[in-house]
1. Are any of the residues in region 24-31 assigned to a loop (DSSP other than H, G, I, E, B), at pLDDT 95 or above, within 22 Å of Ser282 (Cα to Cα) and not aromatic (Phe, Trp, Tyr)?
2. Tell me which residues, restricted to region 44-86, are in contact (Cβ under 8 Å) with a residue 60 or more places away in the chain and polar (S, T, N, Q).
3. Does Val116 satisfy the criteria of being within 17 Å of Phe166 (Cβ to Cβ), within 22 Å of the chain's Cα centre (by Cα) and surrounded by 15 or more Cβ atoms within 10 Å (Cβ to Cβ)?
4. Counting only residues that are of a type in the set (Val, Ile, Thr) and surrounded by fewer than 20 Cβ atoms within 10 Å (Cβ to Cβ), which one in region 70-95 is farthest from the chain's Cα centre (by Cα)?
5. Show the residue pairs that are 6+ apart or on different chains and have beta-carbon atoms under 8 Å apart, the first residue being within region 176-188 and closer than 16 Å to Leu213 by Cα, the second being among the acidic types (Asp, Glu).
6. Taking region 186-215 as the search range and keeping residues that are over 13 Å from the mean Cα position of the chain (by Cα) and polar (S, T, N, Q), which one is nearest to Gln286 (Cα to Cα)?
7. Is it fair to say Ser133 is modelled with pLDDT of 95 or more and more than 20 Å from the chain's Cα centre (by Cα)?
Amino acid sequence: MPGATLGVLGSGQLGRMFALAARRMGYSVHTFSPDRDTPTGQVADKEFSAAYEDLDAVREFARGVSAVTFEFENVPSATAEAVAEIVPVRPRGAVLHTTQHRLREKTFLSAHGFPVTRFRRVVTREDLQAALSETGAPAVLKTADFGYDGKGQRTIENADEADAAFDALAGREGILEAFVAFERELSVVAARGADGEIASFGVCANTHARHILDHTVAPAGVPERVAREADEIARELLAELDYVGVLCVELFLTSDGKLFVNELAPRPHNSGHLTIEACATSQFEQQVRALCGLPLGSTGQTRPAAMANLLGDLWHAGEPDWRAALRDPRVKLHLYGKRTARAGRKMGHLTALAATTDEALRAVLSARDALTRRER
């Protein structure tokens, strides 16, 4: 119940927003990661800084909390198991084991009848050649583990590019996926409680740049049939995984109206950040509720919304012009407390609500553009 202490494995911006939601509800928060002065640590009650492989430190962390969740899926499974010996971990470690590895994830999805593109395991150069003969080109070769925001993947446009793509694996296990000629990228963020209750935030439409999410709008503006099917996929996945917590299902929508599951994120998701302003219950409060066995909150959206990411590139000429960006009173600023801006690094985001998604999107994109337009 509120007043207890909750633990977060990982310490980035997702943990920060989880901690803010938890503290508003009366919880204390401890965070564990190898780093110090982290986005989560800055707002948590206690920051544990140790390697995930330091299981003695992990158990010390677990003994000080009542339940633990993730904000980062690349936590070693042994870490999750050590925590689970002491307190509940939600989502459970078995889910983490599946979703942190692309090949295991795709195999699970395919085995349970969810729509995925053709894929093959790649360990040797011969594996890649055989896989390409089945999938054809273009295709996408990815490392099987530790990938996000486009990291660890390479598109093979033709057979001549296969050797270079294989070399980029650097000896790691890979997965080759047939290329999906998608029309739109969608996502569904949904939660499942300990009692099996499911609450979905509906379908968001996402636009990426350099493999990193650039902006999101909700509602997605897709045909009702597509919205229903995407939402049903998310609900079926939550039940099939016996999932407790917040899950994001990333999907491709093709021009002929077909949906393919691209990836699962066993945590709140970048595309769900707009729920903080747009919905009765944010994805982060929902994560708190699911973790603690509380009833899930309403996911009702009050107005159309848009979110735009703020990457470290915006700092290349100095501190962005926050005053200019916030001249539009509809725009809300979220900064993550990261001390160093780097190209491609997520430093924050902007959100706006408006009468239409187009209007909300224009507001956040104009505000973001204003960050680097210096007044004379």
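1. Taking region 24-31 and keeping what is assigned to a loop (DSSP other than H, G, I, E, B), we get 25-27.
If we keep only those that are at pLDDT 95 or above as well, we get 25-27.
So of that shortlist, the ones also within 22 Å of Ser282 (Cα to Cα) come out as 25-27.
Applying the additional criterion that residues be not aromatic (Phe, Trp, Tyr) yields 25-26.
Yes, region 24-31 contains a residue that is assigned to a loop (DSSP other than H, G, I, E, B), at pLDDT 95 or above, within 22 Å of Ser282 (Cα to Cα) and not aromatic (Phe, Trp, Tyr).
2. First pass over region 44-86, keeping only residues in contact (Cβ under 8 Å) with a residue 60 or more places away in the chain: 65-75, 79-80, 83.
Selection gives Ser66, Thr69, Asn74, Thr79.
3. Numbers: within 17 Å of Phe166 (Cβ to Cβ): no; within 22 Å of the chain's Cα centre (by Cα): yes; surrounded by 15 or more Cβ atoms within 10 Å (Cβ to Cβ): yes.
Taking the combined requirement at face value, the residue does not satisfy it.
4. Taking region 70-95 and keeping what is of a type in the set (Val, Ile, Thr), we get 75, 79, 83, 86-87, 89, 95.
When the remaining residues are screened for being surrounded by fewer than 20 Cβ atoms within 10 Å (Cβ to Cβ), the result is 86-87.
Details: Ile86: 27, Val87: 24 Å.
So the residue we want is Ile86.
5. Glu185/Glu250; Leu186/Glu250; Ser187/Glu250; Val188/Asp231
6. Among residues in region 186-215 that are over 13 Å from the mean Cα position of the chain (by Cα) and polar (S, T, N, Q), the one nearest to Gln286 (Cα to Cα) is Ser200.
7. Criteria not met by Ser133.
This table checks each residue for (1) touching a residue at least 40 places away in the same chain (Cβ under 8 Å); (2) part of a strand (DSSP E or B); (3) in contact with a Pro (Cβ under 6 Å, 6 or more places away or on another chain).
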| site | (1), (2), (3) |
| --- | --- |
| Leu296 | yes, no, no |
| Thr299 | yes, no, no |
| Ala306 | yes, yes, no |
| Leu314 | yes, no, yes |
| Gly318 | no, no, no |
| His334 | yes, yes, no |
| Gly337 | yes, no, yes |
| Arg342 | no, no, no |
| Leu361 | yes, no, no |
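The values are calculated or read from the model by the stated rules, or taken from the named source; none is laboratory data. None of the values given here were measured: they were computed from a predicted structure. Heads up, the Cβs are rebuilt from the backbone with ideal geometry, glycines too, and the neighbour counts pull from every protein chain shown.
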